[in-house]
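Contents: one structure, followed by commentary.
The values are calculated or read from the model by the stated rules, or taken from the named source; none is laboratory data. The model shown is predicted, which means the values in this text are computed figures rather than measured ones. For neighbour counting, all protein chains shown are included, and Cβ atoms are generated from backbone atoms with ideal geometry for every residue, glycine included.
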Amino acid sequence: MLGYLIRRLAQAVVVVFAMSVIVFVGVYAIGNPIDVLIDPGATQEIRAKLIAQYGLDQPLWRQYLTFIANVAQGDMGTSMVYNIPVVDLVFSRLPATLELVFVSVCIATFIGIPAGLYAGYRPDGIAAKAIMALSVLGFSVPTFWIGMLLIMTFAVNLGVLPSGGRGEVGSVLGIHTSLATLDGWSHVILPAINLSLFKMGLMIRLTRAGMVEAMRTDYVKFARAQGLTDREIIFSHVLRNISIPIVTVFGLELGSTLAFAVVTESVFTWPGVGKLIIDSILQLDRPVMVTYLVLVVVLFVLINLTVDLVYARLDPRVRLKGGA
Amino acid sequence: MSDTLSPEGATLATPAAAKADSRATRLKNFWADFSRSPVAVISLVVIVLLAALSFGAPWVTPQNPYDMASLDWMDAFLHPGTEGSGGYVHLLGTDNAGRDMLSAILYGLRTSFVIGLSAGALALMVGICVGLTAAYFGGRIESLLMRIVDLQLSMPAILLALVLVAMLGQGVAQIVLALVVAQYAYFARTTHGAATVERGKDYIEAARSTPLPTRRVLFRHLLPNVLPPLIVVATVQVASAIALEATLSFLGVGLPLTEPSLGSLISNGFKYIHTDRTWLSIYPGLFLMVTVVAINLVGDQVRHVLDPRNQR
Amino acid sequence: MSAALEVRGLTTRFETRSGWVTAVNDVSFSVSPGRIMGLVGESGSGKSVTGFSILGLIDKPGEISGGEVLVDGTDLRRLSPDALRRMRGRRVSMVFQDPMMTLNPVLRVGDQMAMAVRVHDRVSKRAAWERAREALEIVGIPAPAERLKAYPHQLSGGMRQRVAIATALLHRPSVIIADEPTTALDVSIQGQILAEVRRLADETGTAIVWVTHDLAVVSSLADDICVMYAGRIVESGSAGAVIAAPRHPYTRGLIDSVPSLHPPGTPLPQIPGATPQLSHLPSGCPFRPRCPRATDICATEPPRTGNAHMALCHHPLTEEVPA
């Protein structure tokens, strides 16, 4: 198990490194920030001085090395727009995004999995058909439009919930979060529902497919031939088996929920990193873009690693291979 | 017979009968199974209707909403059903520039279809090539290609598209390219998965041991067998390409404002969300939703019909 | 002696694109305690569906449309779904073809067996494991306590099939339906399992329905034989009589095409043609198009001829030999 862990960690480091090169080169191919940042009326000297200050006169590989050296010291550069260290900027926005993602993933899981189980158990029933229809809506209707409808309905027409922004931040067990206050919840609930719908649709379909698949297997038929009740079969046999693909997708989707937060945050003016990245793309704020992307890659790799480890816990066949 | 509960007679009938069937009967059977779901049939009709309307937009609509000369400021913010200075009724109202919303929506929808279909088709081709190459050659080529594909699959399409659009700039071609890069991986994974299953089967081994050129084995023997799952992925991907384009344009990083796009229309309407001018955002959104959902519903039924376990 | 299992007029059909297809057509037979009944047929003959129909395990798009299934005199078809479920595993149980698939790969053998114990008997988990251990011992598994802690993939195919048989035996049912349980195993393992099953039937008095396509296995194992063709039983009788003097032309053809039941050095005869599609059966006798003895009258429903050694045929090969 330890050897397996070390091998996976080494792979993760390679992936992060490779992605940092791609991200760096990719982002630096975008436009010329000088044109955006420097007043066109500025003199040649000021221009040259600023270019040198940002290191933009260096060849790309040297810029990358400088970047890596700085990253190693925890310095991701300074935002060209906000003029504060990017690390501070991103980490000041990250908690808002994480709490949004957390709430929406909870909503998606606790509604999606039971609904999917039921739809797979009685696939021909009316309830199952309704659940499936909702799941199609959930993952095919564009997030931003649903978000807009939610604002129109609950904020504009009914006026019961705020239309955007993050609420009052309280403190629980030393963690500062808006989930600690009622006002915070009233702000987070609409965007969280908005963000969860896609994932919920996916969860429903995945759980349903796994359920239908499992109900066709010989071991379920064998269990039925032994007189086990459907409840016992579902909770003892099926759930254990379909938990494996669900955990996998859950992990992957955790990452994609982070990414989709970009859209939801824009609609609900939620002050998280998603909103930040859109702004920085529009304003060509390269250091912020690079930091955000590297952060996302690191999160992805970490999530994948965790998923693999959980996988090994759930599937005895993998456990055997991992030990070898 | 691993599927012991299925009627032996019925499963027995399928493989023998399927081989003997001509292409026409298979198509007929497919349609018979497909049309079992009225929802899917209605969805298909809706898609065809919307496609016809949007591609015929220049002839159907009363004005070209992206020709500035045809717009009149006096017509701004007309409620749906009001007659404007052009002497015709604006069924879905007009926007802040006096643009007929229905015309703008149909033009935008046309862009959606063009982008969705071309991105889907290109991604399909690239994906098939990558997936088949990996499955056919195996070894290092396979593990390298599939590593890249897996890595890309773990990255959400929206993120990839965002970065690519930021790099490539705005425009239809740029969006299509970004979508292809973001989506080909789904096709590659599906092709590879189906092809590795087929690869293990004897008939491929048999074809490889004859002096047939590699290309022939790949495209004549492997491809037909991986096609059904690809068709399903393709419908889903066209729908998601349309949704992605709209999302990017809504965020302001997609199509430039001079190009008709449902996303930009909704984004524009979003500014008036606190007023009573909700038609500006509701109607383009409805068209977008109906299109995407209809394509997904059709894809769902195709998946259901092509699933060998659901064959009767 | 009264029968442990008596099936009367069992009919199961499936809804397909081309309408309802009858997979099991008016099947009747009975098995006495301690006896092994071989249910023989080619794939597609309806023999497996018969097995599942006996347990009432037919799902949509199929349905059991008629007949009676008496286990120790209780008609399973008249029971409520829950009462029927409580009969399964306790009075009538089943073993499947592929031992790789019948055990849940992510649960330990002992947990799966203990679940099967506790569904019918309210005993502690510990007691259930002990019952499972005893059952493994009965089917001849060495070091059963350790096997219980194993996951299915850690056991060999033969071992897994023994586990499945032990699971089926947990509640000492009156009837076990064995659906080709040795087909997926090596020949040497197959021999061991067959000997074990014979011993179990003799010692425990369990009636066994052995579903198979392999006439050679049945001829050495079974007491009685039913031959199925296109959903019907076309011949039934004692194993000795059916193998030595088949009355239905189809049985004759089957026996002739088994190498081990055929004189060596002569060419192996075959039955011409293929198993018919159930959706496109000819009128009258379904074997008619492939039968060397077919005449015009075979287009009408074939009669049941004989009693103890029955044949469903207009032109049986021999008259019934009185016992």
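Worth a mention:
- All of B:THR258, B:THR247 fail the test of being more than 9 Å from every other protein chain (Cβ to nearest Cβ), at negative phi, β-branched (Val, Ile, Thr) and in contact (Cβ under 8 Å) with a residue 60 or more places away in the chain, apart from B:THR258.
- Enumeration of residues in the range B:83-135 that are farther than 29 Å from B:LEU177 by Cβ, of a type in the set (D, E, K, R) and touching a residue at least 40 places away in the same chain (Cβ under 8 Å): B:ASP95
- In the range B:126-154, residue nearest to the other protein chains (Cβ to nearest Cβ) [restricted to those that are surrounded by fewer than 18 Cβ atoms within 10 Å (Cβ to Cβ) and of a type in the set (Gly, Ala, Ser)]: B:SER143
- Cβ pairs under 9 Å, 6+ apart, first in the range C:122-146 and farther than 14 Å from C:VAL109 by Cα, second polar (S, T, N, Q): C:ILE138/C:THR204; C:GLY140/C:GLN192
- Complete set of residues in the range C:100-154 that are outside any helix (DSSP H, G or I), under 25 Å from the mean Cα position of the chain (by Cα), within 14 Å of another protein chain (Cβ to nearest Cβ) and more than 17 Å from A:ASN241 (Cα to Cα): C:VAL119, C:HIS120
- Hits in the range C:268-307 - residues which are out of contact with any Pro (no Cβ under 7 Å at 6 or more places or on another chain), more than 15 Å from C:GLU235 (Cβ to Cβ) and more than 14 Å from chain B (Cβ to nearest Cβ): C:PRO269, C:GLN270, C:PRO272, C:SER283, C:ALA294, C:THR295, C:ASP296, C:ILE297, C:CYS298, C:ALA299, C:THR300, C:GLU301
A quick yes/no check of all residues on (1) within 29 Å of C:GLN190 (Cα to Cα); (2) among the charged types (D, E, K, R); (3) in the same structural domain as C:GLY34 (by TED's automatic domain parsing); (4) modelled with pLDDT of 90 or more:
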{"residue": "C:ILE225", "(1), (2), (3), (4)": "yes, no, yes, yes"}
{"residue": "C:TYR250", "(1), (2), (3), (4)": "yes, no, yes, yes"}
{"residue": "C:VAL258", "(1), (2), (3), (4)": "yes, no, yes, no"}
{"residue": "C:SER283", "(1), (2), (3), (4)": "no, no, no, no"}
{"residue": "C:PRO286", "(1), (2), (3), (4)": "no, no, no, yes"}
{"residue": "C:ALA308", "(1), (2), (3), (4)": "no, no, no, no"}
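- Only one of the listed residues (A:GLY251, A:GLY255, A:GLY274) is free of Cβ contacts under 8 Å to residues at least 60 places away in the same chain, surrounded by 22 or more Cβ atoms within 10 Å (Cβ to Cβ) and within 14 Å of chain B (Cβ to nearest Cβ). That residue is A:GLY255.
- Residues (more than 7 Å from chain A (Cβ to nearest Cβ) and either more than 26 Å from C:GLY51 (Cα to Cα) or in a loop (DSSP other than H, G, I, E, B) (or both)) located in the range C:79-99: C:LEU79, C:SER80, C:ARG91, C:GLN97
- Enumeration of residues in the range A:121-154 that are within 15 Å of A:MET200 (Cβ to Cβ), buried (at least 18 other Cβ atoms within 10 Å of the Cβ) and more than 26 Å from the chain's Cα centre (by Cα): none
- Residue in the range A:229-246 that is more than 9 Å from every other protein chain (Cβ to nearest Cβ) and farther than 30 Å from C:LEU169 by Cα present: yes
- Number of positions in the range B:282-312 that are in contact (Cβ under 8 Å) with a residue 40 or more places away in the chain, among the charged types (D, E, K, R) and either surrounded by fewer than 20 Cβ atoms within 10 Å (Cβ to Cβ) or at positive phi (or both): 3
- Top-ranked residue of the range B:262-281 - restricted to ones that are buried (at least 21 other Cβ atoms within 10 Å of the Cβ) and aliphatic (A, V, I, L, M), ranked as nearest to the chain's Cα centre (by Cα): B:LEU262
- Filtered by the rule that a residue be touching a helix residue (DSSP H, G or I) at 6+ places or on another chain (Cβ under 7 Å), within 11 Å of another protein chain (Cβ to nearest Cβ) and among the hydrophobic types (A, V, I, L, M, F, W, C), the range A:277-298 gives A:ILE277, A:ILE278, A:ILE281, A:LEU284, A:MET289, A:VAL290, A:LEU293, A:VAL296, A:VAL297.
- Flag if C:ALA241 is more than 14 Å from chain B (Cβ to nearest Cβ) and either in contact (Cβ under 8 Å) with a residue 40 or more places away in the chain or of a type in the set (Lys, Arg) (or both): yes
- Scanning the range C:196-244 for residues that are under 24 Å from C:PRO173 (Cα atoms) and of a type in the set (Asp, Glu) yields C:GLU196, C:ASP202, C:GLU203, C:ASP223, C:ASP224.
- Scanning the range C:116-158 for residues that are at pLDDT 90 or above, of a type in the set (A, V, I, L, M) and out of contact with any helix residue (DSSP H, G or I) (no Cβ under 6 Å at 6 or more places or on another chain) gives C:VAL119, C:VAL123, C:ALA127, C:ALA143, C:LEU155.
- Scan of the range C:11-35 for residues that are within 10 Å of chain B (Cβ to nearest Cβ), of a type outside the set (D, E, K, R) and part of a strand (DSSP E or B), ordered by number: C:THR12, C:PHE14, C:THR16, C:VAL21, C:THR22, C:ALA23, C:VAL24
- Among the residues here, C:THR275 qualifies as β-branched (Val, Ile, Thr) and crowded, with 18+ Cβ neighbours inside 10 Å.
- Top-ranked residue in the range C:66-95 [being hydrophobic (A, V, I, L, M, F, W, C) and free of Cβ contacts under 8 Å to residues at least 40 places away in the same chain; ranked as surrounded by the fewest Cβ atoms within 10 Å (Cβ to Cβ)]: C:ALA83
- Taking the range A:155-189 as the range and being over 21 Å from A:MET200 (Cβ atoms) and of a type in the set (A, V, I, L, M) as the test, the residues that pass are A:ALA155, A:VAL156, A:LEU158, A:VAL160, A:VAL169, A:VAL172, A:LEU173, A:ILE175, A:ALA180, A:LEU182.
- Exactly one residue out of C:THR167, C:THR212, C:THR206 is hydroxyl-bearing (Ser, Thr, Tyr) and touching an Asp or Glu at 6+ places or on another chain (Cβ under 6 Å): that is C:THR212.
- Inclusion of C:HIS171 among residues that are within 14 Å of chain A (Cβ to nearest Cβ), assigned to a loop (DSSP other than H, G, I, E, B) and touching a residue at least 60 places away in the same chain (Cβ under 8 Å) is warranted.
Residue-wise test of (1) within 14 Å of another protein chain (Cβ to nearest Cβ); (2) closer than 28 Å to C:SER257 by Cβ; (3) part of a loop (DSSP other than H, G, I, E, B).
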residue: C:MET37; (1), (2), (3): no, yes, no
residue: C:SER43; (1), (2), (3): yes, yes, yes
residue: C:PHE52; (1), (2), (3): yes, yes, no
residue: C:LEU57; (1), (2), (3): yes, no, yes
residue: C:LEU70; (1), (2), (3): no, no, no
residue: C:ARG77; (1), (2), (3): no, no, no
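- Flag if C:VAL24 is β-branched (Val, Ile, Thr) and either closer than 21 Å to C:ARG88 by Cβ or surrounded by fewer than 24 Cβ atoms within 10 Å (Cβ to Cβ) (or both): yes
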